[in-house]
1. Keeping to the stretch 57-68, report how many residues are at negative phi and over 22 Å from the mean Cα position of the chain (by Cα).
2. Please count how many residues of the stretch 15-30 are within 9 Å of Val165 (Cα to Cα), surrounded by 15 or more Cβ atoms within 10 Å (Cβ to Cβ) and of a type outside the set (Val, Ile, Thr).
3. Of all residues being part of a loop (DSSP other than H, G, I, E, B) and either in contact with a helix residue (DSSP H, G or I) (Cβ under 6 Å, 6 or more places away or on another chain) or acidic (Asp, Glu) (or both) in the stretch 31-58, which is surrounded by the fewest Cβ atoms within 10 Å (Cβ to Cβ)? Just the residue, please.
4. Here is a check on your reading of the model: is Ala106 among the hydrophobic types (A, V, I, L, M, F, W, C), closer than 27 Å to Met218 by Cβ, outside the structural domain of Glu288 (by TED's automatic domain parsing) and not in a strand (DSSP E or B)?
5. Identify, by number, the condition in (1) closer than 16 Å to Arg105 by Cα; (2) crowded, with 16+ Cβ neighbours inside 10 Å that Glu184 doesn't meet.
6. Looking for whichever is within 19 Å of Ala308 (Cβ to Cβ) and free of Cβ contacts under 8 Å to residues at least 40 places away in the same chain here; the options are Ile279, Ile234. Which one fits?
7. Kindly evaluate Glu194 against the criterion of being among the charged types (D, E, K, R) and free of Cβ contacts under 8 Å to residues at least 12 places away in the same chain.
8. Among the strands (runs of 3 or more DSSP E) lying completely within the stretch 194-284, list those that include at least 2 residues that are among the charged types (D, E, K, R) and under 28 Å from Leu179 (Cα atoms).
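The values are calculated or read from the model by the stated rules, or taken from the named source; none is laboratory data. Keep in mind that what you see is a predicted model, and the values were worked out from it rather than measured. Ideal geometry is used to build each Cβ from the backbone, glycine not excepted, and the neighbour counts take in all protein chains shown.
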Amino acid sequence: MAKGMFTQGVCLLTNGKTNIDDIESAFVGSDFEIVKKVPAQNDWRFGGPTLVIAYDPDVNGYAAIDVVDQRWPDSMGDPKKDSITFGAWSMGHFGPYAFPGGLERAAQHCYAWEKGPAVAHAHRGFIRMSYAFGAKDSDPIMPADYDALAELIFVTDIVLALFPVAGVLCYFNPNGEVLRDKGEFRAMRKMCKEQKKTPLPLWMNVRYFQVNQRFSLMDSVGNAQLDLRDVEAIFPQGDIDPNDIDYYVRNVSQYLLGHELRDGDEIDGPGDTNLTWTIEVPEKAAAEPPRRVVRLYPKAHRREIRDALAAIR
């Protein structure tokens, strides 16, 4: 998947009873400008009742907020058995980097919110916030001054505005496979704003896997929303605290906002280990979803780690 007509897309999962009037009411008195209200498409996969919000109208940039009274189609369809869902997915209607099984993986790796998986499973509908450029034939898909970070902040502020709407259960970012409740979402946004940090935890998840009895892997999902590679960190179990690796993956992701990591280069490891880590740019990620990644691991364990990864493929 790649960014096309929809350059960003996040969701709020609902109980299925939320309607477009509820959403419109939430914008009353806000700084968001509703440009128009659009009826539902012939098929919900391509859009329920929709509000169009102005973002950068000079280059035909708008956010579409639609409400759907159907469960999130986590399988993303099938070209033979469910071609409509598959077609909508391939066009980016469920997020430019959504991949089959994303909600299930988000629930499996929802470490900071114990009730998250159960809340997500209970949903019966969703509000979809998609940012789009170039609705006219003469418009470019993305303008020259396209700014992914500004777009994500914009849709994040829309999420904050819509969290109080009746029926909303939680936040779901299908591109970063992130689940958050209202309190945690607001607290994280507030903290990052006060500390002038990029709110990456709202857009990307960090996951934990066991490669074998010797090595573990932690990776990020969602950096592609900022046109960055995701980060994989592979490390010997028992030697390094996984909390240090979590912090390390997030810090490296932040570093990538202004720097490039090249294959074969070296980087300081996490925490106080004083170890040199190797940088690799592999052809594919170690775990789903498929995406561009940069892989980091202790230089001293290079051969063991390569063998361990080869054994699971």
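1. Here the count works out to 3.
2. Kept after step one, since they are within 9 Å of Val165 (Cα to Cα), are these residues of the stretch 15-30: 18, 22-23, 25-26.
Remaining after also requiring surrounded by 15 or more Cβ atoms within 10 Å (Cβ to Cβ): 18, 22-23, 26.
Then keep just the ones that are of a type outside the set (Val, Ile, Thr); that gives 22, 26.
Selection size over the stretch 15-30: 2.
3. Taking the stretch 31-58 first, the residues part of a loop (DSSP other than H, G, I, E, B) are 31-33, 39-43, 47-49.
Right, trim to either in contact with a helix residue (DSSP H, G or I) (Cβ under 6 Å, 6 or more places away or on another chain) or acidic (Asp, Glu) (or both) and you get 31, 33, 43, 49.
Working: Asp31: 7, Glu33: 12, Asp43: 12, Pro49: 20.
Here the answer is Asp31.
4. Details: among the hydrophobic types (A, V, I, L, M, F, W, C): yes; closer than 27 Å to Met218 by Cβ: yes; outside the structural domain of Glu288 (by TED's automatic domain parsing): yes; not in a strand (DSSP E or B): yes.
Against the criterion (among the hydrophobic types (A, V, I, L, M, F, W, C), closer than 27 Å to Met218 by Cβ, outside the structural domain of Glu288 (by TED's automatic domain parsing) and not in a strand (DSSP E or B)), Ala106 qualifies.
5. (1)
6. On the way: Ile234 fails: free of Cβ contacts under 8 Å to residues at least 40 places away in the same chain.
One residue alone meets the criteria, Ile279.
7. Details: among the charged types (D, E, K, R): yes; free of Cβ contacts under 8 Å to residues at least 12 places away in the same chain: yes.
Considered against the rule, which asks whether it is among the charged types (D, E, K, R) and free of Cβ contacts under 8 Å to residues at least 12 places away in the same chain, Glu194 comes out as yes.
8. In the stretch 194-284, the matching strands (runs of 3 or more DSSP E) lie at 230-236.
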